[in-house]
1. Go through (1) touching a Leu at 6+ places or on another chain (Cβ under 9 Å); (2) within 20 Å of ALA53 (Cα to Cα) and name the single condition SER334 misses.
2. Among the listed residues THR47, THR108, which satisfies the condition of being hydroxyl-bearing (Ser, Thr, Tyr), open to solvent by 20 Å² or more (accessible area, probe 1.4 Å) and modelled with pLDDT under 90?
3. Output the number of the condition that PRO371 fails; it satisfies all remaining conditions of (1) in a loop (DSSP other than H, G, I, E, B); (2) touching a Ser or Thr at 6+ places or on another chain (Cβ under 7 Å).
4. Which one of these is modelled with pLDDT of 75 or more, open to solvent by less than 40 Å² (accessible area, probe 1.4 Å) and closer than 12 Å to ARG441 by Cα: VAL491, VAL502, VAL471?
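The values are calculated or read from the model by the stated rules, or taken from the named source; none is laboratory data. Not measured: the values here are computed from a predicted model. Every residue, glycine among them, receives a Cβ derived from its backbone with ideal geometry; neighbour counts consider all protein chains shown. All accessible areas refer to the heavy atoms of the entire protein, side chains included, with ligands and DNA or RNA removed. Shrake-Rupley method; radii C 1.70, N 1.55, O 1.52, S 1.80 Å.
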Amino acid sequence: MNIESLEHVVRNRVRTFLRHTWLVTMLGTVIIGGVVWWAISFMTAPTEMRIAAGPAGSANVKLVELLTQKFSTERDKIRLRFVPTGGPKESAEAITDNSADIAILPSTIGNSPDWPVVAILRQNVIAFIVPAQAASITAKKETSAPAKKETSAPEKKEKRPKGDKGTKGAKNAKDAKSDKTTKTAKSEDAGANDDSSGGDAVAGSNKLEKVSQLAGHRVGIVTGNVATTDLLDVVLKHYGVPLDKVQVSQIDPKNMAYAVKAKQVDVLFVACAATGQAINDAVTAASQDGQAPSLIAIDQAEGIAKRNPAFASVDIDAGTFGGNPPSPADDLKSLSFAEYLVARKSFSHEAIAALAKLIFTSRLALAAAMPGEIKIAAPSTDKDAGVVVHPGALAYLTDDQKSFFDKYGDDIFYGLLIFPLFGSAIAGVASYFRNSGRTRRLRLLQRLLDLVRKAHAAPSLEALDQLQVDVDNLVVAIIHQSEHEDYDQTVQMSFSLALDQVRFTIDNRRAVLLNHADSDARPGAKAAAA
C-alpha cells in the first residue's frame, strides 16, 4: 500500500465518521464534559500532606491528631496523613527521603535550607530536676525535738510562786541553781543546734547544684518529650563533663515516681514547654513528703546560646513548673529552643500557604485543646532572620497570596490570544479536506487527459488494450469518489467529456492501427500469389 492509498483510506474513514452527525455530537459532548469534570476535580481536590512526628504519646503526636481531625471536620482542601516516628531524628530522616512532606522538628536538629519553617509551635526549655531528699528532713526533725524538750524545763521552774521573806536565803539559793540550770540548758541547746547545722552542711555538700557536678551521677532521661541523649550531651560537653562519665537511662513517665522513690536516678532530665505536662509530672514525681525538688540552673546558658544558634537563654520565673511549694522556688536560668513545623522546599507553595492559614487561624483553638503545650507563633520574615521561612507561609504572613485571577490571569489572557490560532488551524484543516477533494478531482481529470495523449501515440493494439484497462480503473475511482463527495453538474460534465474523449481517441487509434495492419498485409499477399 502506497502513501496515496493510505491517505485515501484515512480520509474515507474520517468522512464516513463525520457523516454521523449525532454520533459526532455525542462524542464531542462527552469529551468536553470529561475535560470540564477533570478540571473541576483537579482544582477542588484536597491536597494530601504526609506529616512526620514522634515519639508516640508526645505533645507533637497529639497536635497532629488534632490538626487531622480539625481539617477533616471542616472539609478543607488540606488532608493530613500521619507518619509516626520514634523521635526528631526519625522525623528528619522521613522528610529527607521524601516519605513525609512536612514534619515537626526542634531547632536542635538543624535548620536545613531544604526544610523551611512554616510555623513555630512552641518554645521548649531544658530542666534538670533533682528529687527531694525526704530522709534528711526526717532526721533533722528528730534531732531538734529533744533540744526543745530540755529548754522547757527551766522555764517551768521560773514560773513557781514566790515564798515569804523568811525564806529569802532559800530563794536565792534556788535562783542561783535555776540560773545554772538555764545556762546548762542553753549550752546544750546551742550544741544541739550546732549538731543540726553540721548535719545540714553534710547533706548540703552532697546536693547537686551545678551541671559540672553531674559526673558520676545517674541521669534519667524522661521519654515522651523532646529530651534526648544528644541534647544532654550538648549541655554536658559545654561544662566539660564527658557523656560516658554520666550513667544515662531512659525513664518512662509512668515509672518516674517509682524510680525516684527507689533512688534509681539522681536527676531527671526533661525538655518540653515550660508549662507542659511533662515537666509538671516530673516535678510531682520528684516531690517527697511535701518537699519540692530542686533544679539545677544552666548558669552559662548565654554562652551556650552564642556558640549554638539553635538555643536561647531564658529566665524561668519562680513557680512556673507548678507544685506546692512552688517549683522553682526562685528564678532559674536555663536554655530554650523552638519547636518548628517545617516542610520540603519543593512542596506546593499554594498548599503550604493554605496550611499556614489554617494553623494560624486555629491557634487559639489548638492552644485551648492542649493547654500549656502549644503556643503557635509566626517565624520572622526579615531577610536576616535566623530561620528560612517557606515561600508559601511567607506569602500568607506578608498578605501576598494570589487570587485565582492573579495566578491564572496571564494564562487566560494568552489562552484567549492562542485560541483564535486553534480556530484558524481547525478552519485550515477543514479547508484542507475540502481542497483535497477538489485536488483529487483534478488529478482524475488530468489522468484522463494523459490517457488521451497516450492513446494518440499508442504504438500497438496491446498498448491500446492497456489504456482501456486504465480507463476502466479511473471510472471505478470516479464512482467511489462520487459516493463520498457530492459532484455538481459541472464536475459530472467534465468527467463525461473526458471519458468520451478518451474512448473516442482509443477507438480512432485502434481503427488506424487496424487499417495500417491491413494495408501491410495486402502487398504481402499479392507478392505470394505472383
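1. Result: SER334 passes all but (2).
2. Among THR47, THR108, only THR47 is hydroxyl-bearing (Ser, Thr, Tyr), open to solvent by 20 Å² or more (accessible area, probe 1.4 Å) and modelled with pLDDT under 90.
3. That leaves (2) as the condition not met.
4. Just a single option satisfies the conditions, and that option is VAL491.
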